[in-house]
Amino acid sequence: MTAVLVVDDDIRVAKINAAYVARIPGFHVAGTVHSAGEALAFLERTPVDLVLLDHYLPDETGLALVSRLRQLGHHTDVIMVTAARDLATVQAAMRHGALQYLVKPFTFAGLRAKLDGYAALRRTLADSGLAEGGEAGQEQVDRIFGALGTASAGPAGLPKGHSALTADLVRQVLRGAESALSAQEVAERAGLSRQTAQRYLKLLERAGRVRMSLKYGETGRPEHRYLWMRS
């Protein structure tokens, strides 16, 4: 069983999230707390596998808590579950090592997709045959990195080797843009390589979330421009 700590300042929301987790086979709620201080105290007493972490907490941000946990030697996995939609927070979550980023409000299916992805990652690590501190070959590394994004992509699906968190980052850039962007512009705003941005833009276009158009210049090939399809 995967032990989960739910951290949310809203008592009602924390109860709902905990109830969702309890419905998913293979997971159990080890505790529910409502501040960074309570979370830190809980983890000092009771190690868990995964923390579902809100960003907006009364005493400090969720990402500040993650930094503090790492400094103290806690390597618990983290999935951000928050209403924070700004690109800076999403990028910071990636840099702090959050495995997934789930934007509120969400459905049970949305959370289950993230936790199923996490379960797939743990299975892949267990099946790799590597002891902690061992060395992995490229094939094993690809399998490990691909497990999370593939299994947790949800109804739209993500091909093997794609990250749901990176897809979320590209979506945030497009949603915040006032007009269509090129792949290069998306890459610069998201802090990604142009090739990576291009791959995720094509996925979003195929899923019907992005409209692609061509911008013709005076010379050279036409430039592809991408616009988020607002519902």
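The values are calculated or read from the model by the stated rules, or taken from the named source; none is laboratory data. Keep in mind the model is a prediction, meaning the values are calculated, not measured. Backbone-built Cβ (ideal geometry, glycine too); neighbour counts: all protein chains shown. Note: areas computed on protein heavy atoms with side chains; ligands, DNA, RNA excluded. Shrake-Rupley method; radii C 1.70, N 1.55, O 1.52, S 1.80 Å.
With respect to Leu169, determine if the residue is surrounded by 19 or more Cβ atoms within 10 Å (Cβ to Cβ) and at pLDDT below 65. The answer is no for Leu169. The requirement of being closer than 21 Å to Ser163 by Cα, touching a residue at least 40 places away in the same chain (Cβ under 8 Å) and of a type outside the set (S, T, N, Q) is satisfied by Leu111. Screening Leu192 on (1) closer than 16 Å to Thr89 by Cα; (2) at pLDDT below 85; (3) open to solvent by 10 Å² or more (accessible area, probe 1.4 Å) shows it passes everything except condition (2). Could you say whether any residue in the stretch 213-229 is open to solvent by less than 60 Å² (accessible area, probe 1.4 Å) and among the β-branched types (Val, Ile, Thr)? The answer is no, given that none of the residues of the stretch 213-229 is open to solvent by less than 60 Å² (accessible area, probe 1.4 Å) and among the β-branched types (Val, Ile, Thr).
Conditions (1) among the β-branched types (Val, Ile, Thr); (2) at negative phi; (3) out of contact with any strand residue (DSSP E or B) (no Cβ under 7 Å at 6 or more places or on another chain), marked per residue:
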{"residue": "Val13", "(1), (2), (3)": "yes, yes, yes"}
{"residue": "Thr32", "(1), (2), (3)": "yes, yes, no"}
{"residue": "Ala41", "(1), (2), (3)": "no, yes, yes"}
{"residue": "Arg45", "(1), (2), (3)": "no, yes, yes"}
{"residue": "Tyr56", "(1), (2), (3)": "no, yes, no"}
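Against the numbered list (1) modelled with pLDDT of 90 or more; (2) open to solvent by less than 20 Å² (accessible area, probe 1.4 Å), Ala147 comes up short only at (1). None of Leu40, Leu63 is under 16 Å from Val4 (Cα atoms) and either open to solvent by 20 Å² or more (accessible area, probe 1.4 Å) or in contact with a helix residue (DSSP H, G or I) (Cβ under 8 Å, 6 or more places away or on another chain) (or both) except Leu40. Is it the case that the stretch 41-51 has a residue that's without any contact (Cβ under 8 Å) to a residue 40 or more places away in the chain, under 21 Å from the mean Cα position of the chain (by Cα) and not in a strand (DSSP E or B)? No: zero hits.
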